[in-house]
1. Out of all the residues in the range 220-241, is one or more in contact (Cβ under 8 Å) with a residue 12 or more places away in the chain, in contact with a helix residue (DSSP H, G or I) (Cβ under 6 Å, 6 or more places away or on another chain) and acidic (Asp, Glu)?
2. Before we move on, is Ala261 surrounded by 21 or more Cβ atoms within 10 Å (Cβ to Cβ), over 20 Å from Ile176 (Cβ atoms) and within 12 Å of the ligand (Cβ to nearest atom)?
3. Taking the options Asp84, Asp99, Asp107, name whichever one is open to solvent by 40 Å² or more (accessible area, probe 1.4 Å) and in contact with a Pro (Cβ under 7 Å, 6 or more places away or on another chain).
4. Suppose the filter is in contact (Cβ under 8 Å) with a residue 60 or more places away in the chain, farther than 24 Å from Thr317 by Cα and crowded, with 24+ Cβ neighbours inside 10 Å; does Ile136 pass it?
5. When residues of the range 13-29 are filtered for being open to solvent by less than 30 Å² (accessible area, probe 1.4 Å) and touching a strand residue (DSSP E or B) at 6+ places or on another chain (Cβ under 8 Å), how many remain?
6. Considering only the range 109-120, I want to know if a residue exists there that is within 26 Å of Val296 (Cβ to Cβ) and out of contact with any strand residue (DSSP E or B) (no Cβ under 7 Å at 6 or more places or on another chain).
7. When you look at Met54, is it crowded, with 21+ Cβ neighbours inside 10 Å and either away from the ligand (no atom under 16 Å from the Cβ) or of a type in the set (Lys, Arg) (or both), yes or no?
Amino acid sequence: MKATITATAKYLPKRVLSNFDLEKMVDTSDEWIRTRTGIKTRRLVSEGQASADMATEVAKILLERSNTDKNEIDLIIIATVTPDTMFPSTAARVQHKLDAQNCWGFDLSGACTGFLYALETGAKFIESGKYKKVMIIGVDTMSSIIDYTDRNTCVLFGDGAGGVLLEPSKNNNGIIDSILGIDGAGGDSLILPGGGSLHPASADTIKKKMHYVYQDGKTVFKFAVKGMADISSDILKRNNFTGDDVKLFIPHQANKRIIDATAKRCNIPDEHVLINIDKYGNTTAATIPIGMDEAVSDGTIKDGDLVLTASFGAGFTWGSMLIRWGK
Ligand code: ACO
């Protein structure tokens with residue numbers, strides 16, 4: 001039995017932060033940001049809005065689009081590195097806001113690969129036969145952990161949420177294969193150092209700005225370019241597909257140059273590659289489901305299409321997945 005995506009949804013907060021706005025905040029330029037990353041604007045939450053709020057908007061749309069009653073949901077998995085609180089989980093908050101009475105759920109931390117980790121996890125619950133309706137939501141409020149005086153990171157990230165409903169496929173569509181990996185040796189290159197059990201929040205951790213994202217962009221870039229290209233080409237090869245078979249490649253949106261290099265390696269033409277980094281920046285766990293929803297909403301992907309998706313992120317973590325779209 002295969003698990004398949006039966007509904008998609010996204011939520012982007014209304015507030016827009018443009019490259020021109022950032023020019024007024026740090027020593028940067030629209031030209032630098034566009035040419036080095038592909039980003040023009042990103043969205044930010046409003047005062048008081050947090051990850052569970054965005055995830056709940058996504059969950060409500062998923063219920064509506066799939067004609068599902070909230071009490072039919074069996075499991076909610078939330079991929080995030082910016083939970084509202086360390087505990088209770090964002091999943092618990094979303095369950096409560098939805099008033100879904102018959103489910104359980106948990107948060108999963110996989111940074112930019114979090115959504116693919118969660119999709120694989122959810123698929124296994126469906127394949128077990130015990131679970132029929134699993135919500136997978138990727139959400140991140142990156143603005144809550146970004147230092148808006150650090151030009152190395154503040155230009156890159158945005159806030160947002162996206163999600164899917166996973167159900168057993170009636171027609172053998174769905175997730176065909178996945179490659180997932182982790183290597184903690186890359187940990188220090190992209191990290192939120194403070195606030196956890198290693199460096200609990202204190203006046204000192206705040207003074208040292210350890211509650212903000214630190215990234216060694218060059219190192220991450222080097223591993224991401226090779227990593228994403230390798231796993232995308234490997235998953236095609238081992239399933240006897242080529243880039244020509246891919247109707248849409250939905251890559252994680254961290255840097256347009258990483259995406260272009262991966263597409264080139266897999267011989268996937270530009271018109272079959274989803275790019276929305278220009279509008280939203282890097283929304284961490286949310287980029288791939290936001291991309292899926294855009295592609296479904298505008299008719300780019302239809303039942304029967306082969307979709308390739310891939311990601312690389314903090315950890316390091318990485319993943320690629322092949323999906324035959326349809327119920
Ligand atoms: N504006 C202007 N100049 C800048 C800016 C900025 N916003 N940011 C950095 N610079 C400067 C640097 O200080 C450096 O100056 P220097 O040479 O005088 O020191 C110069 O620009 C070049 O910096 P590089 O690091 O060489 O620039 P690069 O081409 O590598 O681009 C970037 C930087 C965009 C961060 C890139 O390295 C990148 O995309 N890295 C990977 C990001 C990624 O994939 N992250 C993983 C996913 S995120 C997650 O999992 C949460």
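The values are calculated or read from the model by the stated rules, or taken from the named source; none is laboratory data. Note that the structure is a prediction, hence the values are computed from the model and not measured. So basically every Cβ, Gly included, is an ideal-geometry build from the backbone, and we count neighbours across all protein chains shown. Ligands, DNA and RNA are excluded from the accessible area calculation, which covers all protein heavy atoms including side chains. Shrake-Rupley method; radii C 1.70, N 1.55, O 1.52, S 1.80 Å.
1. Checking the range 220-241: not a single residue is in contact (Cβ under 8 Å) with a residue 12 or more places away in the chain, in contact with a helix residue (DSSP H, G or I) (Cβ under 6 Å, 6 or more places away or on another chain) and acidic (Asp, Glu).
2. Details: surrounded by 21 or more Cβ atoms within 10 Å (Cβ to Cβ): no; over 20 Å from Ile176 (Cβ atoms): yes; within 12 Å of the ligand (Cβ to nearest atom): yes.
Spelling it out, it is not the case that Ala261 is surrounded by 21 or more Cβ atoms within 10 Å (Cβ to Cβ), over 20 Å from Ile176 (Cβ atoms) and within 12 Å of the ligand (Cβ to nearest atom).
3. Asp107
4. When the stated conditions are applied, Ile136 does not pass them.
5. 4
6. Initial filter on the range 109-120 (within 26 Å of Val296 (Cβ to Cβ)): 110-120.
This time we only want the ones that are out of contact with any strand residue (DSSP E or B) (no Cβ under 7 Å at 6 or more places or on another chain), so: none.
No - not one qualifying residue is present in the range 109-120.
7. Answer is yes for this residue.
Yes/no per residue for (1) in the same structural domain as Arg65 (by TED's automatic domain parsing); (2) of a type in the set (A, V, I, L, M, F, W, C):
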{"site": "Thr141", "(1), (2)": "yes, no"}
{"site": "Ile145", "(1), (2)": "yes, yes"}
{"site": "Pro200", "(1), (2)": "no, no"}
{"site": "Lys207", "(1), (2)": "no, no"}
